[in-house]
1. So the check is Cβ under 7 Å with 6+ separation or different chains; which pairs have a first residue in the stretch 273-284 that's in the same structural domain as A295 (by TED's automatic domain parsing) and a second one that's assigned to a loop (DSSP other than H, G, I, E, B) and of a type in the set (S, T, Y)?
2. If you check every pair at least six apart or on different chains, which have Cβ atoms under 7 Å apart with a residue in the stretch 330-342 that is touching a residue at least 60 places away in the same chain (Cβ under 8 Å) first and a residue that is aliphatic (A, V, I, L, M) second?
3. From A260, A245, A292, which residue is out of contact with any strand residue (DSSP E or B) (no Cβ under 7 Å at 6 or more places or on another chain) and over 14 Å from T349 (Cα atoms)?
4. Quick check on this structure: which one of K290, K298, K268 is surrounded by fewer than 11 Cβ atoms within 10 Å (Cβ to Cβ) and under 21 Å from D193 (Cβ atoms)?
5. K277 fails exactly one of the following numbered conditions: (1) of a type outside the set (A, V, I, L, M); (2) in contact with a Leu (Cβ under 8 Å, 6 or more places away or on another chain); (3) at pLDDT 80 or above; (4) closer than 26 Å to D321 by Cβ. What is the number of that condition?
6. If a residue must be surrounded by 13 or more Cβ atoms within 10 Å (Cβ to Cβ), over 21 Å from E97 (Cβ atoms) and not polar (S, T, N, Q), how many such residues does the stretch 114-143 contain?
7. Taking the stretch 180-211 as the search range and keeping residues that are part of a loop (DSSP other than H, G, I, E, B), out of contact with any strand residue (DSSP E or B) (no Cβ under 6 Å at 6 or more places or on another chain) and farther than 19 Å from I271 by Cβ, which one is modelled with the highest pLDDT?
8. Based on what the data block shows, is Y11 at pLDDT below 85 and not in a loop (DSSP other than H, G, I, E, B)?
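The values are calculated or read from the model by the stated rules, or taken from the named source; none is laboratory data. Everything numeric in this text was worked out from a predicted model, so none of it was measured. When we count neighbours, we look across all protein chains shown, and the Cβ atoms used for this are built from the backbone with ideal geometry, even at glycine.
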Amino acid sequence: MRCLLRTTAYYSWASCCKSLCLKCLLCLKFRWCSAVPAVYTPDLAELVEYCLGDASTVWGKQRIADGHPGLYQPFAWEIGNEQYNHNFVSQVKAMEEKAKVLGHADEVYYMFPDNGGMTPADQAAAIAAGLPIHRITTDVHVGSAGGIQQIAAVFAKSPGFTASAINGEVNAIYGDGVATASAMGRALSEAEDINDWFNADVAVLNRTIARTASFCSERNGHDDGSQWHQGLSFFLPSMTWLGPAGQLHALIAQTWAGGALNVTYNLKGPITASAQKDQNNRVVVRLTNKDAAPATTKVVLNGFASKSTVKVTTLRGASLDQTNTPAQPMAIAPVVSTVTLGSGGGNVTLPPFSAVALEFVSV
C-alpha cells in the first residue's frame, strides 16, 4: 500500500502494513518544492538507518528507544510526488550506500516521481553512480485509465535504460463530485483499465511493479474538490462499506485465476475483455459493457473443452451515476448465477452498465 506523508506518521503506517502483512510504499512528499532539495540528502540516509539499523547505530538505537525493536522494511521509497526531482540520483546513492553498510543493499525500490521518467542525462548519471537500475521505478499517475500504455511509452523511449515502473495512482476523473466519481462509472473505468493490464505485452509487465486502485478509503459525504472524491470504501462511525469500484475489486478477488492468457479478441461496440487461467484448468473471461443497452458477444476458447455449466459473476448498476449509499450499501454488489454454454464457449449477453466474469471449468 502506498502512503503520501509529510510527517513522522509514516512510521505508524509502516508498522500498520507490517502487522497486516502488506508491502509498504512510502512517499516522502515535498509538496512546495520544484525538486526535492539536495539539503535533505543526508537526512534521507539517516532515515534509512532509522528504519534498518540495529542498536549499534545512532538512528537504529533511536528507533528501538522509540519502542520499535523490529526493522521498518518498506518495499519502496518515493522521493517526491508528481515533480521532477533533479537530485534523485545523489539521494538514491546516499540511501543505497547506507543500506549497503547496514547489510540491506539492493532490497528496496526507489520511485521516481515524474510520469515521463528520468532524462537521458540523469539516466547516465544513475548508471555512472552504480545504482541498481532495475530498482529505479518510474511512478506513473493517470486519470481513470491508461497507466500500462504510458508505462510502455516510458520504456520505449529509453530502451537502453532497464528501469522498472509502477502505476502509483489511478484517479477517478469520471464525472464530478460525490454523485459520480465513486459511482458505477468509476467501477467500469476501472474494469476496462484492468482488462488492458491483463492484455498488455509480457515484456512491459515483467518490468512493471504494480498497479494501484488509488485513494482507498474516505468518510462518507466527503467531497474536497470534485474528482478527488473517489474512495473504494467509505466509513461512518457505525459502518464501513464498499463503493462500486470497491465491489469490482471484490468481484476480481472472488474470481481470481493465477495467470493472464494471451488472447485475440474480435470485439465490437462497448465491450472490453481479458482472460486468465489457473493451474486447475479453469479459465476466467472478464467482460465489460459501459453502454446503456445490453451487448452480446461470442466467447470462443480454442482448444479448451469446458463443462456446459458456466459460473457468472455480475456487477451491474442502473446507471453510470448510481452508487452505494449508507442507506443502500449493497445496491451495487457482485451477483452469482450460472449459464449453460457449449464446450469452449458460446454467445454471451452482457447487461447494461456491467462488469462480468465467466468461469469455465475443463471437462
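1. If the second residue must be assigned to a loop (DSSP other than H, G, I, E, B) and of a type in the set (S, T, Y), the pairs left are A273/Y265; V284/T255.
2. Within 7 Å, the pairs are I332/M184; I332/L315; P334/A250; P334/L251; P334/L315.
3. Answer to the check: A245.
4. After applying the criteria, what remains is K268.
5. With respect to (1) of a type outside the set (A, V, I, L, M); (2) in contact with a Leu (Cβ under 8 Å, 6 or more places away or on another chain); (3) at pLDDT 80 or above; (4) closer than 26 Å to D321 by Cβ, K277 is out only on (4).
6. 8
7. Narrowing the stretch 180-211 to residues part of a loop (DSSP other than H, G, I, E, B): 180-183, 199-201, 206-207.
Adding the requirement that they be out of contact with any strand residue (DSSP E or B) (no Cβ under 6 Å at 6 or more places or on another chain) leaves 180-183, 200-201, 206.
From what's left, farther than 19 Å from I271 by Cβ: 180-183, 201, 206.
Numbers: T180: 59, A181: 68, S182: 78, A183: 86, D201: 91, N206: 94.
Checked the stretch 180-211; the qualifying residue modelled with the highest pLDDT is N206.
8. Values: at pLDDT below 85: yes; not in a loop (DSSP other than H, G, I, E, B): yes.
Taking the combined requirement at face value, the residue satisfies it.
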